[in-house]
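Student: After the structure tokens below, expect a handful of questions from me.
Every number here is computed from the coordinates shown, using simple stated rules; none is lab data. Values in this document were obtained by computation on a predicted structure and should not be read as measured data. Cβ: placed from backbone, ideal geometry, glycine included. Neighbour counts: every protein chain shown.
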């Protein structure tokens, strides 16, 4: 029996302090990481339940023509509101942009900046469309049909549409964050009269902005790892697509190096340079052994050899990113996992619907070929 | 005024721990599930009833803590009228409070996370409701263990006149 009151008081104090330190503090830290995701995760999972099932995708594929395709989509409130308002591609893209906007709004504060940076993709897409439209001399109405009414530049789009030349667009954007990037690429454009320097510079800026934000974030390492894997794979895929295309066109590394994003994930810049020294595309794939991309591209190689289309590799890489992202919701169900899984699946759904919509313009497009074109 | 012996003081701390830890765990858990439920209802208003059910589940730990706290207070003489509790009885009352407090805290936090996950799963696929309830109920057992041990401690050590 303990008789000394001092000893007992000490015992109680120790129990209370140990309880607080061992139990409460780590739990609160854990909850601080998890609770902010409860609301967005539930909303995202509700949206995931509305993604097209395989059966629904088959039904869309079986529609006879574009009119039937649109009618089918009218049965889904998410798409219905855009179908009658815009041309089909713009309608689908607008639905996707709406999803990105929603994620930006509901994402937990600690991670919001990543999705805000990702939301810039709509500004970048619109700038590219504006530059293409002005370069090819499209009318304001035709230009409007290419623009997605989302992003920070949304309110300026009408004014930008009415401008006449590529130079006018760049001047009008000079007070935005894209101004200096476009200015820097202007001399290349003037030399080559190709839009590629603008497009590559904007893509590079987009990815580098995301990477910068990722560096600054103070989030649990599991969430950070998911984000690094997802965006890192996107950068690798972008770089690989450039390398494969450059090899197919017999270009040198110096020709494409301005378009390469150096901060990659599995493929550092020296490795990309090394890949370009391979004899041909088959050689590049052999050199990728030991990375995730080697087996994926090797599997797509026979189809490439048969068709000669680099789209085969591009699809294989997109499928890989999509399949990797699908696992995140299971790996980190109470963190950023479901959000990334949903965004990736939604991207794939929209890409597939765009491909199907395109084929519906051609009478009796063969279904087996269409199936192969889907992600 | 009640004479506060060391035993009574420890019993008071035990009662406090019982409801404080269990209640804190329940509150955190319910906040977590409620946030998930609000998200679910924002997308699917028909999720309201199911959200309420999942949100209510982590309440039980607070109830267990509350009951043990009341039993400790009633039988330790804190309210007056009874014999002041001895030191041994006080230690037992404190242990009872710790048993349900800590077990309830852990159980509630775990249940809250499973329930929040289940809300998401049911929102995505309504057929997941029954399975979600089963998974959510599983972490309840630890709180029940804590509750039973606390009751046994009180019956043996405090209610018997320790």
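Student: Kindly identify chain B as rounded, prolate or oblate by the Cα gyration tensor criterion: order the square roots of the eigenvalues as a ≥ b ≥ c, call it rounded if a/c is under 1.5, otherwise compare a/b with b/c, prolate if a/b is larger, else oblate. Can you show the working numbers first?
Tutor: On the way: a/c = 3.95, a/b = 2.91, b/c = 1.35.
Prolate shape, in that a/c is at least 1.5 and a/b is the bigger ratio.
Student: Give the Cα extents of the protein assembly as shown along the principal axes, in whole Å, largest first.
Tutor: If we take the Cα atoms of the protein assembly as shown, the spans are 97, 50, 48 Å.
Student: Further question on the same structure: May I ask you to give the average projected area over all directions of the convex hull of the Cα atoms of the stretch B:37-131, in nm² rounded to one decimal? Working shown, then result.
Tutor: Details: hull surface 30.1 nm².
Here the figure is 7.5 nm², rounded to one decimal.
Student: How would you classify the stretch A:11-150 from its alpha-carbon gyration tensor, with a ≥ b ≥ c the square roots of the eigenvalues: rounded for a/c under 1.5, else prolate if a/b is greater than b/c, otherwise oblate? Present the calculation step by step, with values, prior to reporting the outcome.
Tutor: Details: a/c = 5.12, a/b = 2.10, b/c = 2.44.
Verdict is oblate for the stretch A:11-150.
Student: Residue by residue through A:26-35, how many Cβ atoms from other chains fall within 10 Å of the Cβ on average? Can you show the working numbers first?
Tutor: Values: counts 0, 7, 3, 0, 3, 8, 0, 0, 6, 10.
Counting Cβ atoms of other protein chains within 10 Å of each residue's Cβ and averaging gives 4.
Student: Follow-up question, since we're still on this one. With axes computed from alpha carbons, what is the tilt in degrees of helix B:140-153 against the longest principal axis of chain B, rounded to the nearest 10 within 0 to 90?
Tutor: 10 degrees
Student: Provide a whole-number value for the mean count of partner chain Cβ atoms within 10 Å of the Cβ atoms in peptide B:96-106. Working shown, then result.
Tutor: Values: counts 0, 0, 3, 0, 0, 2, 4, 0, 0, 4, 2.
The per-residue average across the peptide is 1.
Student: If I fit a long axis through the Cα atoms of helix A:179-192 and take the longest principal axis of the Cα atoms of chain A, what angle between them do I get, 0 to 90°, rounded to 10?
Tutor: The helix A:179-192 is inclined about 30 degrees to chain A.
Student: How well do other chains shield peptide B:121-129, expressed as the mean number of their Cβ atoms within 10 Å of each residue Cβ?
Tutor: Values: counts 5, 4, 9, 12, 3, 1, 0, 1, 0.
The mean count of partner-chain Cβ atoms within 10 Å per residue comes to 4.
Student: Have a look at B:71, B:57, B:79 and tell me which one the Gaussian network model of chain B (Cα, springs below 10 Å) gives the largest fluctuation.
Tutor: Result for chain B, Cα springs under 10 Å: B:79 fluctuates most.
Student: Percent relative contact order of chain A, based on C-alpha pairs within less than 8 angstrom and at least six residues apart?
Tutor: Across chain A, relative contact order equals 19 percent.
Student: Once you have the alpha carbon radius of gyration of the stretch A:220-335, what is it after dividing by 2.2 N^0.38 Å, with N set to its residue count? Each step should come with its number before you reach the end.
Tutor: Working: Rg = 14.8 Å, N = 116, 2.2 N^0.38 = 13.4 Å.
My calculation over the Cα atoms of the stretch A:220-335 gives 1.11.
Student: While we're here: What value, in deg cm²/dmol to 500, does the helix sum -39500 (n - 2.57) over DSSP H runs of n ≥ 4 give at 222 nm once divided by the residues of the protein assembly as shown? Walk me through the numbers before you get to the answer.
Tutor: Numbers: 27 runs with 396 residues, N = 537.
Rounded to the nearest 500, the figure is -24000 deg cm²/dmol.
Student: Using only Cα atoms, tell me the angle between helix A:25-34 and the longest principal axis of chain A; keep it within 0 to 90° and round to the nearest 10.
Tutor: Between the helix axis and the principal axis of chain A, the angle is about 20 degrees.
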